[in-house]
Amino acid sequence: PTPTPVPRPTLGFTAVPAGSGSSIVVPSGYAYQVLAPWGSPLFAHSPAWKGDASESGADQALQVGDNHDGMHFFPMHDAAGQEKSDEGLLVVNHEYCNYEYLFKPEAGQSYPNAWTLDKVRKAQHAHGVSVIHVKRIGGQWQVQIGSAYNRRITGNTPMTLSGPAAGHALVKTAGDPSGTSVLGTLNNCGNGWTLWGTYLTCEENFNSYFGTTAGTDSRTEPMKRYGLSARGTGYRWEELDQRFDYVKEPNESNRFGWIVEIDPWDATSTPKKRTALGRFKHENCAMTLAKDGRVVVYMGDDQANDYVYKFVSDAAYDAGNPAANRNLLDSGRLFVARFTAGAVTGDMMGDGEWILLDKATNATLATNAAFPDQATVLIHARLAADAVGATKMDRPEWVTVHPTTGEVYLTLTNNSGRTVTDEANPRAENRYGQIIRWREAGGDAAGTRFEWDLFVLAGNPVAYPDRTDLRSGSANINAENTFNSPDGLAFSPNGLLWIETDGSNANTDRYQGQGNNQMLVADPASKEIRRFLVGPDGCEITGITFTPDMRTVFINVQHPGEVSGPNAPKPPAGQSLDEYLLAQPTAFSKWPEGAPGIAGAGGRPRSATVAIWKEDGGVVGI
Ligand code: FEO
Ligand code: CA
Ligand code: CA
Ligand code: CA
């Protein structure tokens, strides 16, 4: 759809101060509600949210999944064919699950010791995607429970492996000798959407679901490069579901790490894993068109020192023939980025090139025995990118394309382990992250050269007042808007840049003055950045989509109250973490309990979507 033409917008809200606490803060004049938290019923026969984690695996498959991440609003159309801004399909990724909240506490155990296949299934069903028919009635968004559009896609939903790697020896398993039929999608992080009205869900840290009970480390080099662990996984699926044991099913993990295309309008459709886009830890993706109408998809691989990619389709998009576009993502070329310093070193700008990852034409890959064919290049894309000398980035997260200029923006969230710097990743021990942007040669998204600059070097001038210290951030960072770890990133259709963070909420020392994870809005022309929202304790802010009229913005609050990692509370001896947390109502955030749109007690923290609008009904952000 063509964006509504509007004058170049400027930021029009009062900045929200940084802070900690158990609720959401939005600018004055804005209101919000919580929508579709984890465990919400979707179908007429769905069990209601119980609040004590007593739902079974089958129950979870009928409820909204956990850890909401990327999402997109697909508007319904009215009788005149116009897009509606009060009704549509909200398609939401569910990235992972927190066992301390997913399962009912069991005495003396951090995780339930009576490990059963039903618990494995419950965890698998908390992953994937929800298609949720939503409607705004009387000023409040509501889930249309029982709508024929509603759907749960989980870690066990049948899907098709399509494109050049489908049927290859490396994706065949005992369970699927054809190498074309996969069960499920996992670690659904960011997302994209297509010009033809489908949803793209991106599989990120798929490696964490694979382990072995064999007691031996028989990992191949590619398995190690993709981060599979020889030890048991935290998820423990390999104990009871043998396809997750990489000794028993060495190729199963090759069937994850893809971008999956879903038709949200047909709840019976089979999702397709599009192998032409390469296999890595996909964060999100952003689609645009080349000058000749071919489809271009930008993608990041979220790992310290991994890469930025783009796909260019072989065939052109045909707006007049939607059916012809259905398999555009099955055939094309995959490129990886090299960022160079340009004419001047140290000015945080430069140029770069897109290196084609093609077995037939790339001299390095053509002679490399590790890549016998192009399917292997795609399945082991990280290793191919290593071989051609792509630039090792500070954890590429979300990418977004400016709606009118085509300029591409990408978050590099942080890389505390960086030792060797370069122009695009200019700080060792990078705790704060940066946003890089580039302009393709000739303004053509299919170009093979580009110019880039850093839009912002996030930093903390409160902790580092000396502005010559790169840790204080670039000139558009100040004591009021300081933040760390940009992650979610999206342009609204009117060209404002929305930045979401997933970093430290410690609010002390090097993070002092930054508060909880948050969302900020930037003007790409002036480079001004202003804080729009602060999330509840323990969460990250992620996922972002707008109604066509830009009067509602939907975001996701992921893992509120998360207590894993270094900040995890230490329960007294003899008490499990679960028991401890549930006995200490103030020990952790139970957001969204008591928040607008949530009736009654929630029992435990729940990831959820949040709809935000201006009380005067205006366009958000301006
Ligand atoms: Fe799932 Fe890189 O965030
Ligand atoms: Ca330079
Ligand atoms: Ca992310
Ligand atoms: Ca995250």
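Just so it is clear, none of the values below were taken in a lab; they were calculated from the coordinates. Not measured: the values here are computed from a predicted model. Glycine also receives a Cβ, built like all others from the backbone with ideal geometry; neighbour counts cover every protein chain displayed.
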Sorted by average packing, counted as other Cβ atoms within 10 angstrom per residue and highest first, what order do 165-174, 290-299, 137-146, 303-312 take? 303-312, 290-299, 165-174, 137-146
Can you tell me how much longer the chain between K50 and T216 gets when fully stretched, taken as 0.36 nm per residue apart minus their C-alpha distance, in nm with one decimal? 55.7 nm
What FRET efficiency do you get for K527 and E615 if R0 is 25 Å and r is their Cβ-Cβ distance, rounded to the nearest 0.05? 0.30
Using a simple spin-label model with points 7 Å from Cα along the Cα→Cβ vector, what separation in nm is obtained for A315 and D266? 1.5
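Between A174 and Q144, how high is the FRET efficiency from 1/(1 + (r/R0)^6) when r is the Cβ-Cβ distance and R₀ = 45 Å? Nearest 0.05.
0.65
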From the Cα centre of segment 189-225 to that of segment 320-383, the distance in Å is 19
Hull volume in cubic angstrom per residue (convex hull over the Cα atoms of segment 364-415): 118
At a Cα cut-off below 16 Å, give the aspartates and glutamates reachable from K248, other chains included and same-chain residues fewer than 8 away excluded. D176, D217, E238, E239
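What pairs from K224/K359; K135/K291; K224/K273 go past 31 Å between their alpha carbons?
Over 31 Å apart, Cα to Cα: K135/K291.
How many percent of Cα pairs in the chain exceed 46 Å? Display every interim value, and only then the final one.
On the way: 19079 of 193131 pairs.
Taking all Cα-Cα pairs of the chain, the fraction more than 46 Å apart is 10 percent.
I need the shape label for segment 306-458. Rule: rounded when a/c is under 1.5, else prolate if a/b > b/c, else oblate, with a, b, c from the alpha carbon gyration tensor. Write out the running numbers ahead of the final one.
Working: a/c = 1.96, a/b = 1.28, b/c = 1.53.
In terms of gyration-tensor shape, oblate.
Could you work out the relative contact order of the chain, using alpha carbon pairs under 8 angstrom and six or more residues apart, expressed as a whole percent?
On the way: 1713 pairs, mean separation 101.8, N = 622.
Computed value for the chain: 16 percent relative contact order.
So if each residue of separation counts as 0.36 nm, and I subtract the Cα-Cα distance between A479 and S28, what length gain in nm does that give? List each step's numbers first, then the result.
Details: separation 451, 0.36 × 451 = 162.36 nm, distance 2.02 nm.
Here the segment from A479 to S28 would lengthen by 160.3 nm.
Report the antiparallel proportion of the DSSP beta bridges in segment 170-326 as a percent, rounded to a multiple of 5.
On the way: 23 of 24 bridges.
Antiparallel bridges: around 95 percent, rounded to the nearest 5.
Assuming 0.36 nm per residue, please report the length gained on full extension of the stretch A58 to K84 beyond their Cα-Cα distance.
Numbers: separation 26, 0.36 × 26 = 9.36 nm, distance 3.40 nm.
Taking A58 through K84 to full extension adds about 6.0 nm, to one decimal.
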Once you treat every alpha carbon in segment 1-98 as an equal point and sum by Debye, what is log10 I(q)/I(0) at q = 0.12, 0.15, 0.21, 0.25 Å⁻¹? -0.67, -0.95, -1.20, -1.30
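Would you calculate a helix-derived [θ] at 222 nm for the chain, using -39,500 (n - 2.57) for each DSSP H run of n ≥ 4 and dividing by the full residue count, to the nearest 500? Let's see the in-between values first.
On the way: 8 runs with 48 residues, N = 622.
Computed ellipticity for the chain at 222 nm equals -1500 deg cm²/dmol.
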Rounded to the nearest 0.05, what FRET efficiency do R467 and T405 give with R0 = 35 Å and r taken as the Cβ-Cβ distance? Could you check? 0.75
What is the packing order of peptides 279-289, 389-399, taking the mean over residues of other C-beta atoms within 10 Å and listing the highest first? 279-289, 389-399
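So in segment 118-250, what percent of DSSP beta bridges are antiparallel if you round to the nearest 5?
Working: 14 of 15 bridges.
Given both bridge residues lie in segment 118-250, the antiparallel proportion sits at roughly 95 percent.
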Reference-scaled alpha-carbon Rg (2.2 N^0.38 Å with N residues) for segment 119-184: 1.58
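Which shape class applies to segment 477-543: rounded if a/c is under 1.5, otherwise prolate when a/b exceeds b/c and oblate if not, where a ≥ b ≥ c are the square roots of the Cα gyration tensor eigenvalues?
Working: a/c = 2.63, a/b = 1.50, b/c = 1.75.
Verdict is oblate for segment 477-543.
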Shape verdict for segment 26-80, please, from the Cα gyration tensor: rounded (a/c under 1.5), prolate (a/b greater than b/c) or oblate. oblate
Between T421 and D118, the two model label points (7 Å from Cα along the beta-carbon direction) sit apart by a distance in nm of 5.6
Do me a favour and compute the ellipsoid semi-axes for segment 58-193 from its Cα gyration tensor, root of five times each eigenvalue, largest one first, whole Å. 31, 25, 11
